[in-house]
1. Of the numbered conditions (1) at pLDDT 95 or above; (2) more than 13 Å from the chain's Cα centre (by Cα), A:Gly130 fails exactly one; give the number of that condition.
2. Mind checking which strands (runs of 3 or more DSSP E) fall wholly inside the stretch A:77-154 and carry at least 2 residues that are within 11 Å of chain B (Cβ to nearest Cβ)?
3. Just the residues that are free of Cβ contacts under 8 Å to residues at least 12 places away in the same chain, under 20 Å from A:Lys139 (Cβ atoms) and of a type outside the set (D, E, K, R), please, taken from the stretch A:73-105.
4. Could you please find all residues in the stretch B:99-142 being touching a Phe, Trp or Tyr at 6+ places or on another chain (Cβ under 7 Å) and of a type in the set (D, E, K, R)?
5. Is it fair to say A:Lys70 is in a loop (DSSP other than H, G, I, E, B), out of contact with any Pro (no Cβ under 8 Å at 6 or more places or on another chain) and without any contact (Cβ under 8 Å) to a residue 24 or more places away in the chain?
6. Go through the stretch A:106-126 and give me each residue that's among the aromatic types (Phe, Trp, Tyr), without any contact (Cβ under 8 Å) to a residue 40 or more places away in the chain and within 23 Å of A:Leu52 (Cα to Cα).
7. How about the stretch B:44-63: which of its residues are modelled with pLDDT under 90 and surrounded by 14 or more Cβ atoms within 10 Å (Cβ to Cβ)?
8. Checking A:Ser154 against (1) touching a strand residue (DSSP E or B) at 6+ places or on another chain (Cβ under 6 Å); (2) modelled with pLDDT under 95; (3) hydroxyl-bearing (Ser, Thr, Tyr), which test does it fail?
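The values are calculated or read from the model by the stated rules, or taken from the named source; none is laboratory data. Keep in mind the model is a prediction, meaning the values are calculated, not measured. A quick note on method: Cβ atoms are made from the backbone with ideal geometry, for glycine too, and the neighbour counts reach across all protein chains shown.
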Number of protein chains: 2
Amino acid sequence: MAPMGVEKDKKDGVGEDAPKNGDNKKPEEEATTIVTTANLAADELEVIVHPLVLLSTVDHYNRVAKDTRKRVVGVLLGTTWRGRIDITNSFAVPFEEDLKNPLVWYLDHNYLESMFYMFKKINAKERIVGFYSTGPKIKENDLQIDEVFRRFSSAPVFVIIDVRRRWRG
Amino acid sequence: MAPMGVEKDKKDGVGEDAPKNGDNKKPEEEATTIVTTANLAADELEVIVHPLVLLSTVDHYNRVAKDTRKRVVGVLLGTTWRGRIDITNSFAVPFEEDLKNPLVWYLDHNYLESMFYMFKKINAKERIVGFYSTGPKIKENDLQIDEVFRRFSSAPVFVIIDVRRRWRG
């Protein structure tokens, strides 16, 4: 499945640098993102995340969830062409979840739709291609969030963007 | 006046690298931005433009006005504290102007207000602190645009972000 694929690929490339029990680590101020390209062998799909998206996501995280165990979620915008997805833009979406019960969560649909409508005025070519979360891990409710995004995209990609600073290297 | 000040300061630091007749030069693909900090001696005001804003502006330009003589205009969001303005975020605004008669222009007020309302939901602390244009020069109608922004900010800053690639250096 595409969303899982991206997440898996990312983990292969990046996750090893971070400790496995990273969830409890306090995110540091100058967080960095590492994901850039994910090659999905199964679908022959190439997903390219442009730098602006990485910077926006770190920014989004620092605004909303810095120094907490919360994650942030947002919309990925871009274009799809011949099995290549270019994620060129993104925007934050109000999102809340119960840390103890991940099946209790809230994503502001109205906000999402209004914001997409606004972005389309600036660039009509960009479509919703998926969503991001700052993870750092995939969660049970990501499948449900994926369902939400299937209203906007037939095969939404899910990219976990790790905003934590790298401990090694 | 603050807006002029920022523009002037930027020119001092950056404008000399670009040819004076730069308007007619074709903007190149990998445009770069150079403005980062403007120190305004007159008002003892410090304006700091964060990297995300520079990247977003180049992106906005490349989407809308690449390979044209047009410029793009957007809103600068941030915080003001003790004479220091931190420009931490921005968004594009639909803007059109007659290249031959700069007094004929259109800026989408409704879009601006809706978008600001949306951004406030994600970060309530950020206010409208001014506006940007990709210039590369100050124009007659910038004073009129400044008037629009005075509805949202008592002293809006105007930052020209030069998206052209540097020819020298």
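1. (2)
2. Numbers: elements: A:84-93, A:95-97, A:105-107, A:127-133.
Strands (runs of 3 or more DSSP E) meeting the threshold: A:84-93.
3. Going residue by residue through the stretch A:73-105, those that are free of Cβ contacts under 8 Å to residues at least 12 places away in the same chain are A:81-82, A:96, A:98, A:100-101, A:104.
Among the residues that remain, those that are also under 20 Å from A:Lys139 (Cβ atoms) are: A:96, A:98, A:100-101, A:104.
Answer for the stretch A:73-105, where residues must be free of Cβ contacts under 8 Å to residues at least 12 places away in the same chain, under 20 Å from A:Lys139 (Cβ atoms) and of a type outside the set (D, E, K, R): A:Asn101, A:Val104.
4. Residues satisfying the conditions are B:Lys121, B:Glu126, B:Asp142.
5. Values: in a loop (DSSP other than H, G, I, E, B): yes; out of contact with any Pro (no Cβ under 8 Å at 6 or more places or on another chain): yes; without any contact (Cβ under 8 Å) to a residue 24 or more places away in the chain: no.
When the stated conditions are applied, A:Lys70 does not pass them.
6. Within the stretch A:106-126, the first condition is being among the aromatic types (Phe, Trp, Tyr), and the residues that meet it are A:106, A:111, A:116-117, A:119.
After this cut, where a residue has to be without any contact (Cβ under 8 Å) to a residue 40 or more places away in the chain as well, the list is A:106, A:111, A:117.
Of everything in the stretch A:106-126, those that are among the aromatic types (Phe, Trp, Tyr), without any contact (Cβ under 8 Å) to a residue 40 or more places away in the chain and within 23 Å of A:Leu52 (Cα to Cα) turn out to be A:Tyr111, A:Tyr117.
7. Step one: list which residues in the stretch B:44-63 are modelled with pLDDT under 90, which gives B:44-45, B:63.
Result: B:Leu45, B:Arg63.
8. The one condition A:Ser154 does not meet is (1).
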